[in-house]
Amino acid sequence: MAAVTGETPRTRIQQENRERILKAALDMFSRTGYRGTTLDQIAAAAGMSKPNMLYYFRTKEELYRSVLQETLEDWLTPFAKLDPDGDPSAELGAYISAKLAHARINPKASRLFANEILQGAPLLEKTLKGRLKDLVEEKSKAIRAWIAAGKMVPIEPLHLIYMIWAATQHYADFETQMDALEGTEPGTREKRFENAERTLFTVLFNGLKPR
């Protein structure tokens, strides 16, 4: 992720170190939770000393919050690209594909985010009620415009968004359950996501088309 405007630009080495720390933190937090994870464990997983790691993140809370924020940014970026002037099937389809890709590539991030929400989102409440809420309201207006133009059947935009989130994040958050039901033979997970995308497209888009 690029440095925030106003920050001193990071060198390539600094950026690489920061990404190593975030990756190690995600792995540890997703396995043992916030309370069960120590900075010493994260530093060891990142392959660096604790004092060196603290140069990048001063506290465990700051590091945990950064991991959650990066996950949310990964999700918000494709959502923000949803174009109200575009075709509903193409725009929503691209968003669903991006969310499924995130679930496939980075399931740990999705599970960590889900655990934070289940705890009442103590470290994300401000973001959820701020930027996320604003973006959801903006994209809900786009969906209402599609409905008004006769491009979609009348539905409640907010619940369509909830449905997309639930359906796509399920493939990360409940991976163990699906492995138990489908097995873990080579190629099973890849086929799972292909079938998931095809099924979601069929159910959602056929159901949303005006009749």
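The values are calculated or read from the model by the stated rules, or taken from the named source; none is laboratory data. Computed from a predicted structure; not experimentally measured. Virtual Cβ from ideal backbone geometry, glycine too; neighbours counted across all protein chains shown. Ligands, DNA and RNA are stripped out before the accessible areas are found, and what is left, the full protein with its side chains, is counted by its heavy atoms. Shrake-Rupley method; radii C 1.70, N 1.55, O 1.52, S 1.80 Å.
The helices (runs of 4 or more DSSP H) found wholly in the stretch 18-81 and carrying at least 3 residues that are at negative phi and open to solvent by less than 50 Å² (accessible area, probe 1.4 Å) occupy 39-46, 60-80. For the stretch 86-106, the set of residues classified as of a type in the set (A, V, I, L, M), open to solvent by less than 40 Å² (accessible area, probe 1.4 Å) and farther than 14 Å from Trp75 by Cα is empty. From the list Leu82, Leu63, the one residue that fits, being in contact with a Lys or Arg (Cβ under 8 Å, 6 or more places away or on another chain) and either among the hydrophobic types (A, V, I, L, M, F, W, C) or touching a residue at least 40 places away in the same chain (Cβ under 8 Å) (or both), is Leu82. Scanning the stretch 107-137 for residues that are part of a helix (DSSP H, G or I) and in contact with a Phe, Trp or Tyr (Cβ under 7 Å, 6 or more places away or on another chain), we see that the one that is surrounded by the most Cβ atoms within 10 Å (Cβ to Cβ) is Leu112.
Remark: Leu158 matches the filter, which requires a residue to be among the aliphatic types (A, V, I, L, M), open to solvent by 40 Å² or more (accessible area, probe 1.4 Å) and closer than 20 Å to Ala98 by Cα. Scanning for something closer than 30 Å to Gln41 by Cα, in contact (Cβ under 8 Å) with a residue 40 or more places away in the chain and in the same structural domain as Thr202 (by TED's automatic domain parsing), does the stretch 125-133 turn up at least one residue? Yes; the residues of the stretch 125-133 include at least one that is closer than 30 Å to Gln41 by Cα, in contact (Cβ under 8 Å) with a residue 40 or more places away in the chain and in the same structural domain as Thr202 (by TED's automatic domain parsing).
Residue-by-condition table, conditions (1) within 23 Å of the chain's Cα centre (by Cα); (2) modelled with pLDDT of 95 or more:
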position: Ala3; (1), (2): yes, no
position: Gly6; (1), (2): no, no
position: Arg12; (1), (2): no, no
position: Glu16; (1), (2): yes, no
position: Ala44; (1), (2): no, yes
position: Tyr55; (1), (2): no, no
position: Leu68; (1), (2): yes, no
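Arg198 satisfies every condition listed in (1) surrounded by 13 or more Cβ atoms within 10 Å (Cβ to Cβ); (2) more than 27 Å from Leu22 (Cα to Cα) except (1). Within the stretch 171-189, the set of residues being without any contact (Cβ under 8 Å) to a residue 24 or more places away in the chain, open to solvent by 60 Å² or more (accessible area, probe 1.4 Å) and in a helix (DSSP H, G or I) comprises Thr176, Gln177, Ala180, Leu181, Glu182.
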